[in-house]
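Structure, as structure tokens:
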Amino acid sequence: MTQPTACLLIIGNEVLSGRTQDANLKFLATRLGELGIPLREVRVIPDVRDTIIATVNEVRAKFTYVFTTGGIGPTHDDITAECIAAAFGVPWEPHPEAWARLAAHYARQDPPAEFNAARQRMATMPRGASLIDNPVSIAPGFIIGNVHVMAGVPRIMQAMFDGLAPSLQGGAPVASRAVHANGMLEGRVAEGLGAIQARFPGIDIGSYPYYRPSGNGVALVAKGTDTAQLDAALAQMTALVRELGHEPVAGEPG
């Protein structure tokens, strides 16, 4: 079975300007890895129609799954849904089920709130889209083709993904092995670590310096889907740390 792959598009001028710090990447990368769907590419793009359309069409042809966050609210700059409709060449129109959910939601408010034109935008989607439930604030995300469109607000996005996850077809889960040592310098470990990577081309091996009050050092981390190779690589990374005169500590620094 071919390992599925994923791409994340973070959509929003507020992220690119620095006004909003993205909090979705780490969550999605971790959860997708657990499902055996490694996240292979991430892009942050503006609320610009041509950019969204071109980027969606490019990445949906390259990856098994595309996930987007941001741009599906009620304001004028929330244009993700209409741009994805254009990318797929289908109308952007009221989605009957989403429309009914939102109309009922606002009618239940005390006092009842108007289901106005701005709120109706959140129920307007590409023709043929299926919904991603939103248990936090009702307004759903949607799926069309291999593109999964979710909210940018982390709490809402995470709830959407939790509901979506069981329907995703994953591969072997991505696992990791790590060893670290205080006092070790990345420049000294580079040559030996490169040799280990050459012996295990099927996994990803990296070195990550850390700076802590308890001491500086380097963590060596191997990630992949073959646990036997990961264990063998860990043994060689541990031996390398000892060869360099340091005491290896299992795992990443706490």
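The values are calculated or read from the model by the stated rules, or taken from the named source; none is laboratory data. The shown structure was predicted, so the numbers you read here are calculated from the model rather than taken from an experiment. In this analysis, Cβ positions are derived from the backbone assuming ideal geometry, glycine residues included, and neighbour counts consider all displayed protein chains. These accessible areas exclude ligands, DNA and RNA; they are computed on the full protein's heavy atoms, side chains included. Shrake-Rupley method; radii C 1.70, N 1.55, O 1.52, S 1.80 Å.
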Might you check whether a residue that is open to solvent by 60 Å² or more (accessible area, probe 1.4 Å) and touching a Leu at 6+ places or on another chain (Cβ under 7 Å) occurs anywhere in the stretch 182-192? yes
What pairs come up if the first residue lies in the stretch 204-215 and is charged (D, E, K, R), the second is surrounded by 14 or more Cβ atoms within 10 Å (Cβ to Cβ) and part of a strand (DSSP E or B), and their beta carbons are under 8 Å apart, counting only those six or more places apart or on different chains? Asp204/Ala222; Asp204/Lys223; Asp204/Gly224
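For (1) open to solvent by less than 40 Å² (accessible area, probe 1.4 Å); (2) more than 9 Å from the chain's Cα centre (by Cα); (3) under 25 Å from Gly224 (Cα atoms), each residue gets a yes or a no:
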position	(1), (2), (3)
Pro4	yes, yes, yes
Leu35	no, yes, yes
Val44	no, yes, no
Asp50	no, yes, no
Glu58	no, yes, no
When you check Leu28 against the structure, is it open to solvent by 30 Å² or more (accessible area, probe 1.4 Å) and of a type outside the set (Val, Ile, Thr), yes or no? no
Which pairs turn up if I take residues in the stretch 108-128 that are polar (S, T, N, Q) and look for partners that are surrounded by fewer than 17 Cβ atoms within 10 Å (Cβ to Cβ) with beta carbon separation below 6 Å, at least 6 apart in sequence or on another chain? Thr124/Pro94
When you scan the stretch 4-19, do you find a residue that is free of Cβ contacts under 8 Å to residues at least 60 places away in the same chain and within 25 Å of Gln169 (Cβ to Cβ), even just one? no
Please count how many residues of the stretch 219-248 are of a type outside the set (Gly, Ala, Ser), within 29 Å of Ile37 (Cβ to Cβ) and surrounded by 14 or more Cβ atoms within 10 Å (Cβ to Cβ). 10
Single residue of Arg155, Arg212 found to be outside the structural domain of Phe67 (by the TED database) and either modelled with pLDDT under 95 or closer than 19 Å to Ile11 by Cβ (or both): Arg212
Across the stretch 74-89, what is the total count of residues that are of a type in the set (Ser, Thr, Tyr) and within 22 Å of the chain's Cα centre (by Cα)? 1
